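Input: a single structure, listed below in structure tokens.
What follows is calculated from the coordinates using simple rules that are stated; it is not laboratory data. Predicted model only: the values in this text are computed from it and were never measured. Note that we place each Cβ from the backbone using ideal geometry, even for glycine, and neighbour counts take in every protein chain shown.
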Amino acid sequence: MHASRLTVTIDPMMDEDWPSVREIYLEGIATGNATFETTAPEWEAWDRGHLRSCRLVARLDSKIAGWAALSPVSTRHVYCGVAEVSVYVALRAQRRKVGSQLLNALVEVSEHNGIWTLQAGIFPENVASIELHKRRGFRVVGTREKLGCMNGRWRDVILMERRSSVVGVELL
């Protein structure tokens, strides 16, 4: 089957998906433009740090090709509807709209679970990720200059956010 005709499905992430998710995460880490992390955590640590209700995988003809998940930004109750976005796509599946489908589904799942604000921190060099988020309604809030040092180089992070038009609007 031609690669452009492969079917993408979005499913809830299951515990048994972790080995594939971890491999894709490691691919992202290796690019040097996806995260400050230098290695993927063990399952237990990753599991504790992400909202169970907002974890998705993309399958490209049944093989995991990407994942998306939300992390709480704070344990304070006032921020219970604010979460940080992670979206990773396997190198073999890039430029096939996998990231777009994952982010679209993650926004929908987040709103279903009462999340009113999504935020993303993206290296300025990761133009594809910035554009992906903009297409889904994220706006640039600002640049966090020299936020962290990576391999001896201070890196800026573009802070983006998306405010739900359906969750939390009664308070606006």
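When the label point is put 7 Å from the Cα of S71 along its Cα-to-beta-carbon vector, which residues of the range 126-150 have a backbone N closer than 16 Å?
147-150
Output ³J(HN,Hα) for the range 117-127: one whole-Hz value per residue in order, computed from phi by the Karplus curve 6.51 cos²θ - 1.76 cosθ + 1.60 with θ = phi - 60°, and x for Gly and Pro.
Each residue of the range 117-127 in turn: 9, 10, 10, 9, x, 10, 4, x, 5, 8, 4 Hz.
Of the options T75, V169, C54, report the single residue whose Cα projects farthest towards the positive end of the charge dipole of the chain (beta-carbon charges: Lys, Arg +1; Asp, Glu -1).
Checked the options; the winner is V169.
With +1 on each Lys and Arg Cβ and -1 on each Asp and Glu Cβ, how big is the dipole of the chain about its Cα centre, in debye rounded to the nearest 20?
With only Lys, Arg, Asp and Glu charged at Cβ, the dipole is about 600 debye.
In what order do C149, C80, C54 fall by count of nearby beta-carbon atoms within 10 Å, going from fewest to most?
Lowest count first: C149, C80, C54.
What is the order of L51, L91, fewest Cβ neighbours within 10 Å to most?
With the fewest neighbours first, L51, L91 line up as L91, L51.
What net charge is computed for the residues neighbouring V166, neighbours being all others with C-beta under 13 Å from the C-beta of V166, Lys and Arg scored +1, Asp and Glu -1?
Local net charge: -1.
Please say if the chain is rounded, prolate or oblate, where rounded means a/c under 1.5 for a ≥ b ≥ c the square roots of the C-alpha gyration tensor eigenvalues, and otherwise the choice is prolate for a/b larger than b/c and oblate otherwise?
Since a/c stays below 1.5, the shape of the chain is classed as rounded.
Using the beta-carbon distance between E44 and A128 and R0 = 30 Å, what value does 1/(1 + (r/R0)^6) give for FRET efficiency, to the nearest 0.05?
E between E44 and A128, to the nearest 0.05, is 0.45.
For n ≥ 4 DSSP H runs only, could you compute -39500 (n - 2.57) per run for the chain, divide by its residues and tell me the 222 nm figure to the nearest 500?
It comes out at -7500 deg cm²/dmol, rounded to the nearest 500.
Out of the chymotrypsin sites (Phe, Trp or Tyr not before Pro) in the range 1-61, which ones are loop residues according to DSSP with at most 16 other C-beta atoms within 10 Å?
F36
Would you kindly work out the equivalent ellipsoid of the range 83-144 from its C-alpha gyration tensor and give its semi-axes, the square roots of five times the eigenvalues, largest first in whole Å?
After scaling each eigenvalue by five and taking roots: 19, 17, 9 Å.
Decide, for the range 8-76, between rounded, prolate and oblate: order the square roots of the alpha carbon gyration tensor eigenvalues as a ≥ b ≥ c, take rounded if a/c falls under 1.5, and otherwise choose prolate if a/b is larger than b/c, else oblate.
oblate
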